[in-house]
Amino acid sequence: MGQVQEPDQAAVEAYLMPGPGANRPSLSWAASMLAGVTSLREPLTVSQGPRTADKLAEVFGLHTVGDLLRHYPRRYYTRGELTDLSSLREGDHVTVLARIVSIADHPLPSTPGKGRRSRTEVIVTDERAKLVLTFFSNSRTRPPYLRPLAPGMIGMFAGTVSSFRGRRQLVHPECELLPGAPPNADLTNELAAEFATEVIPVYPASAKFQSWRIAKAVGTVLDSLNVMPDPLPGELRERHGLIGWSEAIRAIHRPLDEADRTRARDRLKWDEAFMLQAALAQRRLAAAALPAMPRPHVDGGIAGEFDARLPFTLTKGQVAVGETIAADLACAYPMHRLLQGEVGSGKTVIAIRAMLQVVDAGGQAALLAPTEVLAQQHYRSICDMLGPLAQRGQLGGSSRATGVVLLTGSVSAAARRSALADAFTGDAGIVIGTHALLEEQVQFADLGLVVIDEQHRFGVEQRDALRAKAADNRPHVLVMTATPIPRTVAMTVYGDLETSTLTELPAGRSAIATHVVPAADKPRYLERAWERVREEVSRGQQAYVVCPRIGDGPDTDTDTDEAGYPGEDEFADVDMTGGVPRGVVGTRRQPLSVLDVAATLDAGPLAGLRLGILHGRLHPEEKDRVMRDFAAGDIDVLVATTVIEVGVDVPNATAMVIMDAERFGVSQLHQLRGRVGRGTAAGLCLLVSEAPPATPARERLDAVAATLDGFQLSRLDLEQRREGDVLGAAQAGRRSSLRLLRLLPDEDLIRQAREDATAVVAADPDLAGHPALRAGIDDLLGVHADYLDKT
């Protein structure tokens, strides 16, 4: 529950003391309740009345009976487990069970414009300590909504703990008197015997709609809920020992004991896992049934010549994944494949080989990148790797050459016109770009393959818009990510995609040593970090310094998609004089910025070195110039934001210092350090942080320093994120559909549900024989189902 505000007096009076003056439902509403709840899609106005239904929709986004019943309790209390008054801390939001000891009214001095006011103090006790409940009124008499309260009564009181004159208090708490509790009952004996065994559900709530009001609303539905068809097939329920749906819904909201609650959670987790996997299985089948232009391998084509030109040998993993993708492209239905791999595992080479196979077959390929820096990097690296094979119509170009063009928001008007023309005529076999590729003016002669790099940075509509540029709206699709994805995430978020994984690094890649630099505790360590950077430069190498903020705007002027983790931006104030931060732990400060750090380093620890600056607000031409200078070795140290997180490939860069490292996510830190160690020289990554030892932030950094296994780190990252974040709920425009299922703890369940759902859908693709399951998928997933269809 959130901060409790002063209650509406009429509403509280009607709630605590229903009577002739209370709001009563209309006769038509009451009559509809006699028939009982017959559908999970029934609007809440039918069972709750318009006022309560409107509030549930406003506060929680709950509109139907199904929505309300899936608003599960977040925890449970028994009477004896409610908050001990002696343990209350200021600022805590608490629910206490206590007996009223006394009630006293105190007049307050009159103030201009407010008239005569009073304060009512209600003293309550749990026999171990006392607590003051304070209520203010604009009259000299006790407010009507307090009239039901009397000494000896027992109730629950919820609010935020504060203090006044040394006494702990709740100001305008919400109150619920316990029905049937005799006045002056012994809290530790009689009441314990009478009430302690009752389980009290505690719901996700707010100050506008408290947990017990949600419980009452749920109770109204449960009391009138008719028997519903069970969405899970009976054979599956029996095989896995699952209780029925109606019993599970009752037990999740009104459990008899812990075992009852566990059985309910187990069953309802299965609902979420099975329905999601059934929806994904339907999409896989539907995709396989759609026709697409086959793009088979052509002997003696540009793809074969490219393979012959490669100056290195492909890893076994690259060969195996390449063969799989080549076979997919030759099929008469669209490929939908996710290619994931460790940083530097060689995904770009696989994408190039796939694009060239499509070009050989007469089609075109589009590569969509999230940033101009990455798009330009792809353009340069692909042109360099193809050499004369990318020089169609140019002197020195191969007879099999194709065109490669770049389309971003910053290209010149002439270059843009030329690129648009080449894409339209088909002269450009490979078109690389950012969101500019999605513009209406961009048309293709025969778009056969869409490659989406770092696809998690694109919304549903953007990905769908690029696919729609194919003539039949069914190109082959390859999505790539360098952020390792746990298997359970791949089975849920990307469950309608086939998955290929690269784990080997190309030969010659060096390991990266990672260390945490505790700048607040040991400032000498930071001095040594800058010395290490100078040593790398003296050996002819280059380095990155990464900061979370740009520094020329407000607090939020960051290039990062991940601002870190909640509650972890309160570390020491920093004085960068001499490159050594110092301060007092616990004071809030802005994240370190590129502009400030670059100026300090240039005047201090790295004086005399050639420093460059790169961030998202630079003009695109300036960004391109800086990257070219850094790649050419004309810049020793590049001070940048996370704009360099993906795609930047400078083999000569061997060192990276990440400032305020605790402000970045685990996967992001892993991505960043992947920018070094890309050549034959060993890489070094230093995580500078002021996070105190033994804090969650420091433990995350220690975990990153302890391993280079991105898949292990991705599991840690997932453990520390909300499920809805991982599932892309924001892109779907609604909250996550998963309320109980957890992707890591429930790995085995998800895997089994995938197998069972695939078998059910294979036997009955339209689920015609499982109407309750079909309806359940629609009710559970809603808009999310459409989102999965476009992933």
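Accessible surface computed residue by residue for the range 303-436, with neighbouring protein chains in place and a 1.4 Å probe, gives 36 Å² per residue.
Over the range 222-337, with every protein chain in place, what whole percent of the accessible area is carbon and sulfur at 1.4 Å, could you tell me?
57
Using a Förster distance of 56 Å, how high is the FRET efficiency between residue 504 and residue 41, based on the Cβ-Cβ distance and rounded to 0.05? The formula returns an efficiency of 0.65 here. Its Cα centre serving as origin, the range 221-321 has a Cβ charge dipole (Lys and Arg +1, Asp and Glu -1) of approximately 200 debye.
On the beta carbon distance between residue 116 and residue 51, with R0 = 45 Å, the FRET formula returns roughly 0.90.
Probing with 1.4 Å while keeping every protein chain in the model, the per residue accessible area of the range 251-299 equals 42 Å². Rolling a 1.4 Å probe over the protein heavy atoms leaves residue 76 with an accessible area of roughly 40 Å².
Stretching residue 680 away from residue 628 to a fully extended chain increases their span by 16.6 nm, per 0.36 nm per residue minus the current alpha-carbon distance. For the pair residue 327 and residue 58, the difference between a 0.36 nm per residue extended length and the Cα-Cα distance amounts to 91.8 nm. Each label point was placed 7 Å from the Cα along the Cα-to-Cβ direction; for residue 309 and residue 446 their separation is 2.2 nm. Annotation: extensible slack from residue 290 through residue 87 equals 66.7 nm (criterion: 0.36 nm per residue apart, minus Cα-Cα distance). Here the range 342-419 and the range 673-721 have alpha carbon centers that stand 33 Å from each other. With all protein chains in place and ligands, DNA and RNA left out, the 1.4 Å accessible area ranks 336, 670 as 336, 670, largest first. Label sites at residue 425 and residue 764, each approximated as a point 7 angstrom past Cα along Cα to Cβ, lie 5.7 nm apart.
What is the percent carbon and sulfur in the accessible area of the range 356-449, measuring with a 1.4 Å probe over the protein chains and ignoring ligands?
49
Rounded to the nearest 10 square angstrom, residue 702 shows an accessible area of 70 square angstrom against a 1.4 Å probe.
Element breakdown for the range 659-702 at a 1.4 angstrom probe: carbon and sulfur atoms account for 60% of the accessible area. Taking 105, 230, 717 and ordering them by how much accessible surface each has at a 1.4 Å probe, largest first, produces 105, 230, 717.
The values are calculated or read from the model by the stated rules, or taken from the named source; none is laboratory data. Keep in mind the model is a prediction, meaning the values are calculated, not measured. Cβ sites come from the backbone with ideal geometry, for glycine too, and all protein chains shown count toward neighbours. Ligands, DNA and RNA are stripped out before the accessible areas are found, and what is left, the full protein with its side chains, is counted by its heavy atoms. Shrake-Rupley method; radii C 1.70, N 1.55, O 1.52, S 1.80 Å.
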